[in-house]
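*Asks:* This structure is in structure tokens; I'll ask about it shortly.
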Amino acid sequence: SVSEIPSEKRYYPVFLDLAGRRCLVVGGGPVALEKASGLLEAGATTRVVAPSVVDGLRRLPVEVLEHEYESGDLDGCFLVISATSDTAVNRRVRADADARSIPCNVADVPELCSFILPAVHREGPIAIAVSTGGASPALAQRIRAELAARYGPEHAELARLLRALRPWAKARFGSYEERRDFFRDLVRRAFV
């Protein structure tokens, strides 16, 4: 019966401003490299802690602490990503993060995450994020690739133009509704 189907976890999608915020990556392998690179791309000040790290991490502008994870590594951090294959470490990172009210992602272990990371396509100021709620990263990546083929540099240029028009529209139109309708019409005409 339908009542026996477990309800699926629902996530609240959000884009975080990480510019200048300290973020921690626990782990020193290829997955940690991928996560640290993504944080750097978002402007985060990134700290990596692991007993040893791959050479790619050493080439990044990150703070590397070569030791086993300790709860003090979270000091001053805005969020943490644990990218280790050690379940005990991952559980400890999540517990420590919860105790400090720090959002935590454990790579490839959705049940230990307080947030999950979507597959993202970036084109200038546009970011399209796709999530399957942790069910299938492969499916999310496929959908992202299809969207990337559809939305390219011309859409990024349109976004920049619309951003430049915002101050003019705010001065010209007195209400939110008028501004909304103006921009909706411009976007509609751009896609005709």
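*Asks:* Considering each residue of the range 119-150, count those that are surrounded by 15 or more Cβ atoms within 10 Å (Cβ to Cβ) and outside any helix (DSSP H, G or I), and give that number.
*Replies:* 11
*Asks:* Among the residues of the range 151-166, which ones are without any contact (Cβ under 8 Å) to a residue 24 or more places away in the chain and open to solvent by 90 Å² or more (accessible area, probe 1.4 Å)?
*Replies:* Matches in the range 151-166: E154, L161, R166.
*Asks:* Going through V62, V93, V80 one at a time, which residue ends up being open to solvent by less than 50 Å² (accessible area, probe 1.4 Å), over 19 Å from A19 (Cα atoms) and at pLDDT 95 or above?
*Replies:* Numbers: V62 fails: over 19 Å from A19 (Cα atoms); V80 fails: over 19 Å from A19 (Cα atoms).
Exactly one of V62, V93, V80 is open to solvent by less than 50 Å² (accessible area, probe 1.4 Å), over 19 Å from A19 (Cα atoms) and at pLDDT 95 or above, namely V93.
*Asks:* Can you pull out the residues in the range 1-31 that are in a loop (DSSP other than H, G, I, E, B), modelled with pLDDT under 95 and of a type outside the set (A, V, I, L, M, F, W, C)?
*Replies:* S1, P6, S7, E8, K9, R10, Y11, Y12, P13
*Asks:* While we're here: Say we look at the range 96-118 and pick out the residues that are in contact (Cβ under 8 Å) with a residue 24 or more places away in the chain and acidic (D, E); which of these is surrounded by the fewest Cβ atoms within 10 Å (Cβ to Cβ)?
*Replies:* Step by step, filter the range 96-118, then rank; the result is D108.
The values are calculated or read from the model by the stated rules, or taken from the named source; none is laboratory data. Nothing here was measured: the structure is a model prediction, and the numbers come from that model. Methodologically, a virtual Cβ is constructed for each residue, glycine included, from the backbone with ideal geometry; neighbour enumeration extends over all protein chains shown. Ligands, DNA and RNA are excluded from the accessible area calculation, which covers all protein heavy atoms including side chains. Shrake-Rupley method; radii C 1.70, N 1.55, O 1.52, S 1.80 Å.
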